[in-house]
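> Okay, handing you the structure first.
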Amino acid sequence: MNEIDPKYLCMLNRKQCDFCYNKSNEYTTTIPLTLNHGYQVCQHCTNVGKHAMQQYSINKHVIGLFQLNRLLSSSHYFNNNTFTYVSINVNNVHERWIIDPTKFIKLRKKKIFFYCTNHIDVKKVSLNELSILNTYINEDEIKDIIYNYLQIL
Ligand SMILES: [Zn+2]
């Protein structure tokens, strides 16, 4: 299958499917990777859409926070609130920022990086650093889930 890029998910024609001509003319749903960014699928293309989403992640070495949320249990810390708050180190002071829902979590040289924001600035923080400052974030658990999804051996 050709790679289909995710798209901006606002102002959509409610019956346009990214993967077929939607001949039955049904309403579609969206599967976001990051906030307002993902795929639009008819009910017949849900699995095709999920597969395209995973393939996009594998090819680009990225995973959206919304994708990660769906791989974690509903009771996981990352799924407890609209925003995922974390402590990060800013000039040697610990501040509460959120994991930026609009940016991809990136895998670079087998290290995982999150983008955190205070709604003004954005800072790239490694999973290792996040797990040290936020003891409820289990580095091995998150790493295993992301590696597994991205099919990293
Ligand atoms: Zn479809």
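The values are calculated or read from the model by the stated rules, or taken from the named source; none is laboratory data. Owing to the predicted nature of the structure, the values given are computational and were not obtained by experimental measurement. In this analysis, Cβ positions are derived from the backbone assuming ideal geometry, glycine residues included, and neighbour counts consider all displayed protein chains.
> Hand me the list of strands (runs of 3 or more DSSP E) wholly inside segment 101-153 holding 3 or more residues that are over 23 Å from GLN54 (Cβ atoms) and in contact with a strand residue (DSSP E or B) (Cβ under 8 Å, 6 or more places away or on another chain).
122-126
> Please specify each residue of segment 20-46 satisfying the condition of being touching a residue at least 60 places away in the same chain (Cβ under 8 Å) and either in a loop (DSSP other than H, G, I, E, B) or within 9 Å of the ligand (Cβ to nearest atom) (or both).
Within segment 20-46, LEU35, ASN36 meet the criteria.
> Given SER57, SER75, which one is more than 16 Å from the ligand (Cβ to nearest atom) and not in a loop (DSSP other than H, G, I, E, B)?
SER57
> So for segment 118-129 (the condition being buried (at least 17 other Cβ atoms within 10 Å of the Cβ), β-branched (Val, Ile, Thr) and touching a Cys at 6+ places or on another chain (Cβ under 6 Å)), does at least one residue qualify?
yes
> Okay, next question. Out of LEU153, LEU107, LEU130, which single residue is at pLDDT below 95 and on the phi < 0 side of the Ramachandran plot? Even if it seems obvious, please write down each step before you answer.
Details: LEU107 fails: at pLDDT below 95; LEU130 fails: at pLDDT below 95.
So the residue among LEU153, LEU107, LEU130 that is at pLDDT below 95 and on the phi < 0 side of the Ramachandran plot is LEU153.
> Of all residues in segment 67-79, count the ones that are buried (at least 18 other Cβ atoms within 10 Å of the Cβ) and hydrophobic (A, V, I, L, M, F, W, C).
Count: 1.
> So which of ILE120, ILE142, ILE146 is farther than 23 Å from ILE58 by Cα and either touching a residue at least 24 places away in the same chain (Cβ under 8 Å) or assigned by TED's automatic domain parsing to the domain that holds TYR85 (or both)?
So the residue among ILE120, ILE142, ILE146 that is farther than 23 Å from ILE58 by Cα and either touching a residue at least 24 places away in the same chain (Cβ under 8 Å) or assigned by TED's automatic domain parsing to the domain that holds TYR85 (or both) is ILE120.
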